[in-house]
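S.K.: Next up is a structure, given as structure tokens.
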Amino acid sequence: MNYQKYLDNKLKSLKGTRILITGANSGIGFSFAKQASYKGADIVMACRSEERANKAINKIKEDVPNANLSFIKYDQSSFESIRKFVSTIEDEKFDVVALNAGIFKPGYDLKTAEGFPLTTGTNFIGMYYLLKLLDKKFVSKQIKKVIIVSSFGRWFAPRDYISYLKDDKNKLWKSYFSSKRMNFEIAGNLKCMYPDLEVSVVHPGIAVTRMVGNELSRFPKFITKFGEVVMKLFSNTSDKSSLCFLKDLNEEKVEGINYVYPRGIIHVMGYPTSKVLKPDKIKSDLLEVTSNSLFI
């Protein structure tokens, strides 16, 4: 188990904690599922592929034989899949829902099932649609805490970032940065809407994950391989990035939003640290109104 000393000495037990993780079969989501299982949490993996989820479960159990993991099908690029998922968990209770699922740099002109640009459609619109459908569970406190994954790339989002909800203009880097800024801001909206709900934002730094080399990527294979080598030199591993989630779960409830990020230079890599953000300082009324119009 990588970073076992940190897990053993820095973090409390998660025994009795039930965690739902979207996109948990690879990358940071997989590492979070493994590390949280090691600390005793019960994990529900919400993933597109049952085959890949089962492979991930078996892989985790090689390191954590007593891990308690289960799978529910979930595709964040499809409203129908999201509705079926919410129906499946209608009577379920979760201590934590970690919204980790996302995609980076897919091929040009790829769309979600509803015709939205795949990057913003998956990373933000699908996530926001899920949050809307979970309203009753937030009100009834069947879900106690939500963790939203953002990125340092949000700082590079263009001024017209909201326009990327409907058209990515073949500018896929800007589309990705825009989606991560949207995720950051909607955390403020969520906390303002549900004051009793614990809301956190995790910026895990730059990590080596399948987002660069997934089956929908437009990168040529040689670029993908080269990129993986470079990223290993100048980024966190997925295991180190996922420590941000564990640190968040280790901290006391705050009055605001707990923001967890790497402590290194410009927050690209390093062990996690945190600070508290005021929800009304990062919320966006324009973003919420524009997003709501997409579901009519």
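S.K.: Build a GNM of the chain with springs between Cα atoms under 10 Å: which of F94, F184, F245 gets the top mean-square fluctuation?
M.R.: Most flexible of the set in this elastic network: F94.
S.K.: Cross-link list K61/K84; K34/K247; K171/K275: which exceed 25 angstrom alpha carbon to alpha carbon?
M.R.: Too far apart for the 25 Å limit: K61/K84; K171/K275.
S.K.: At most 14 other Cβ atoms within 10 Å and a DSSP loop assignment: could you name the GluC sites (Glu not before Pro) in the range 88-195 that fit?
M.R.: Within the range 88-195, the qualifying GluC sites (Glu not before Pro) (loop, at most 14 other Cβ atoms within 10 Å) are E90, E92.
S.K.: Could I ask something else about it? Report relative contact order for the chain in percent, whole number only (criteria: Cα-Cα under 8 Å, sequence separation at least 6).
M.R.: Value for the chain: 17 percent.
S.K.: Something else about it: Using a Gaussian network model of the chain with C-alpha springs under 10 Å, which one of K281, K180, K141 is most mobile by mean-square fluctuation?
M.R.: Comparing K281, K180, K141 in a Gaussian network model of the chain, the most mobile one is K281.
S.K.: Something else about it: Rounded to the nearest 0.05, what FRET efficiency do F295 and K59 have when you use their Cβ-Cβ distance and R0 = 51 Å?
M.R.: The calculated FRET efficiency here is 0.90.
S.K.: Given a 1.4 Å probe, how much area per residue of the range 109-160 is accessible, in Å²?
M.R.: That works out to 42 Å² for each residue.
S.K.: Once the other residues with Cβ under 11 Å from the Cβ of T17 are scored (Lys, Arg +1; Asp, Glu -1), what is the net sum?
M.R.: +4
S.K.: Right, next: Using a 1.4 Å probe on the protein heavy atoms, what percent of the accessible area of the chain belongs to carbon and sulfur?
M.R.: The C+S portion of the solvent-accessible surface of the chain is 52 percent.
S.K.: Averaging the inverse of every distinct alpha carbon separation and then flipping it gives the Kirkwood radius. What is it for the chain, in angstrom units?
M.R.: Kirkwood radius, the chain: 19.0 Å.
S.K.: Count the net charge of all other residues whose Cβ sits under 11 Å from the Cβ of W155, scoring Lys and Arg as +1 and Asp and Glu as -1.
M.R.: +3
S.K.: Then there is this: Tell me, what is the percent relative contact order of the range 1-137, built from C-alpha pairs under 8 Å that lie six or more residues apart?
M.R.: That works out to 24 percent.
S.K.: Once you have the Cα-Cα distance between E255 and K281, take 0.36 nm times their residue separation minus that, and quote the gain in nm to one decimal.
M.R.: Extra length available between E255 and K281 comes to 8.0 nm.
S.K.: Order of 119-129, 3-13, 197-207 by packing, highest average Cβ count within 10 Å first?
M.R.: Descending packing order for the listed peptides: 119-129, 197-207, 3-13.
S.K.: Tell me, what is the per residue accessible area of the range 1-81 in Å², probe radius 1.4 Å?
M.R.: Here the per-residue accessible area is 46 Å².
S.K.: Can you give the net charge of the other residues whose Cβ lies under 14 Å from the Cβ of F138, counting K and R as +1 and D and E as -1?
M.R.: +2
The values are calculated or read from the model by the stated rules, or taken from the named source; none is laboratory data. For clarity, every value in this text was computed on a predicted model and none was experimentally measured. Every residue, glycine among them, receives a Cβ derived from its backbone with ideal geometry; neighbour counts consider all protein chains shown. With ligands, DNA and RNA removed, areas are computed over all heavy atoms of the protein, side chains included. Shrake-Rupley method; radii C 1.70, N 1.55, O 1.52, S 1.80 Å.
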